[in-house]
Amino acid sequence: MLPVDWSLVVAGGGPAGYMAAITAAEQGLAGVLLLEATPQPLGKVLISGGGRCNVTHACWDPLALVGHYPRGSRALRGPFSRFAPGDCLAWFAERGLELVEEPDGRLFPRSNRSSSVVAVLEAAAAAAGVTVWRGASLRQVDPLEGGGFNLRLRLAPGLAHGASSTLSADRLLLATGGHPSGRQLASQLGHAVVAPVPSLFTLALEANPLAALRGVVMDPVGLELRLPSGRFRERGVLLITGWGVSGPATLRLTAFAARALKDSGYRAELSIDWSGGCSADELRQRFRNARAQQARRQLLNARPWPELSRRLWIHLLDRHGVALDQRWADLRRRDEDNLLGALRSSSYAVGGRGPFGEEFVTAGGVTLGEVNLATMESRKQPGLYFAGELLDVDGVTGGFNFQHCWTSGWLAGGAIARAARAARAD
Ligand SMILES: Cc1cc2nc3c(=O)[nH]c(=O)nc-3n(C[C@H](O)[C@H](O)[C@H](O)COP(=O)(O)OP(=O)(O)OC[C@H]3O[C@@H](n4cnc5c(N)ncnc54)[C@H](O)[C@@H]3O)c2cc1C
């Protein structure tokens, strides 16, 4: 039989659990056990970033970094001032994985393969002496009077050979991601849990009036989502899809509006500023220039500015009943006003959620106020720690979700090793 008494049991073999287990073991803690319910740890890392794994983001200032977290935000200033993307870059470099920055700031492994991130984490865990049980799911936690926990596991047949389904642990770290089991265990242990809702999804438009423009990318556009509980604004790249809208600006918008959208049943009004933030005067001037310089050309063949997608321009002319073969010189004042208005603000009815983008996370989880964010230890239950997506923290797309996992895992692992040393010294 394998040991049943462990210094630290980590439930959840995702990036947060691995980072915590490796850090604790590298800092001298012996007897670290990591439980992963499925046969394949780090499953989300493998599929992340379209198979390339967007490990983190080149955002070096913790104050700027927290702006990318719709949930968490200010509370993360402290954690990010201790372990930020720069530390993450160095951490992986020390273990042989070089991260490369893309023009938009996202950082990927040089190999462009998520499997190299998995390989580094697995090698670091093995080198530090972390024991990993696959197919071992934490089902029940009973705190002991003198400290520590009794744990009950469910073991998948044939995976964790010789493992016992009842264990004891001096310390327990929950890093179960968006899976309901971790939230249930946390609430049984006295923690308030914010109900989970999806974040980072695309938007479906009712009877999608933009369907014919599928594939058009506009950069930048301004988006405003109008909901009964308020308005949310974003500016950035928009991709038109067969069902509605997607692209970074939409994902950011739905991340910040995740809860309000859920409350409205995913119905809202979406206003798009196709001009990307031009003033009324600037746009009027562009039309004046077009009239002067392309007077004899048909509207169909001459856009008011070159970056405006031709397909979108034709769509707007059509939507406002302006004849495509009309010449710029003949454009009536009323039609010009309508087109200027449409370019600055076209409204579309949001009818639901579209499919998820490349990244999907859960908003909600263990309330931050009940966790000491310097150590990630529970303020309710001594010896209990949290890391990763299980907490009520989520970031926008771009590597920010993994960064929170690296940071919270690193803080928890270090604090656990220190607490164990201090307990031994007493
Ligand atoms: C398709 C996709 C692509 C993504 N791409 C990116 C990206 O490129 N960059 C980025 O920053 N973020 C990305 N994300 C988000 C990112 O994957 C998550 O934020 C991150 O994986 C959360 O890490 P975690 O360790 O908290 O939880 P998870 O990665 O979910 O790991 C938790 C682990 O715990 C296990 N588990 C659950 N319950 C138990 C239990 N009771 N006992 C034992 N084990 C248990 C689960 O099986 C799982 O393996 C992506 C997400 C998806 C779905």
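Looking at the chain alone, DSSP beta bridges between its own residues are antiparallel in about 75 percent of cases. Highest mean packing first, where packing is the average number of other Cβ atoms within 10 Å per residue, the peptides 264-273, 208-217, 168-177, 277-286 line up as 168-177, 264-273, 208-217, 277-286.
Global dimensions of the chain from alpha-carbon coordinates: Rg and Dmax equal 25.9, 89 Å.
Among 124-134, 157-167, how do they line up from the highest to the lowest mean number of other beta-carbon atoms within 10 Å?
Values: 124-134: 19.2, 157-167: 13.2.
Going by the mean number of other Cβ atoms within 10 Å, highest first, we get 124-134, 157-167.
For the stretch 199-358, what relative contact order do you get, as a whole percent, if you take Cα pairs closer than 8 Å and at least 6 residues apart?
Working: 308 pairs, mean separation 52.5, N = 160.
Normalised by residue count, the contact order of the stretch 199-358 is 33 percent.
For the pair Arg310 and Arg297 in one chain, pulling the backbone fully straight at 0.36 nm per residue adds 3.2 nm over the alpha carbon distance.
An oblate overall shape is assigned to the stretch 62-190, the ratio a/c of its alpha-carbon gyration tensor axes (a ≥ b ≥ c) being 1.5 or greater and a/b not exceeding b/c.
How charged is the neighbourhood of Gly352? Take every other residue with its Cβ under 12 Å from the Cβ of Gly352, and add Lys/Arg as +1 and Asp/Glu as -1.
Numbers: positive: Lys262, Arg267, Arg353; negative: Glu206.
Spelling it out: positives minus negatives among the neighbours equals +2.
Using only side-chain charges placed at the Cβ, +1 for Lys and Arg and -1 for Asp and Glu, the dipole size of the chain relative to its Cα centre rounds to 1140 debye.
Please identify the GluC sites (Glu not before Pro) of the stretch 316-420 that satisfy two criteria: DSSP loop assignment and at most 16 other Cβ atoms within 10 Å. Which are they?
Working: sites: Glu336, Glu358, Glu359, Glu370, Glu377, Glu389; in loops: none.
Answer in residue order: no site qualifies.
Computed from the coordinates by the stated procedures, all read-outs in this text should not be read as laboratory data. All figures in this text were calculated on a predicted structure; none of them were measured in a lab. Glycine also receives a Cβ, built like all others from the backbone with ideal geometry; neighbour counts cover every protein chain displayed.
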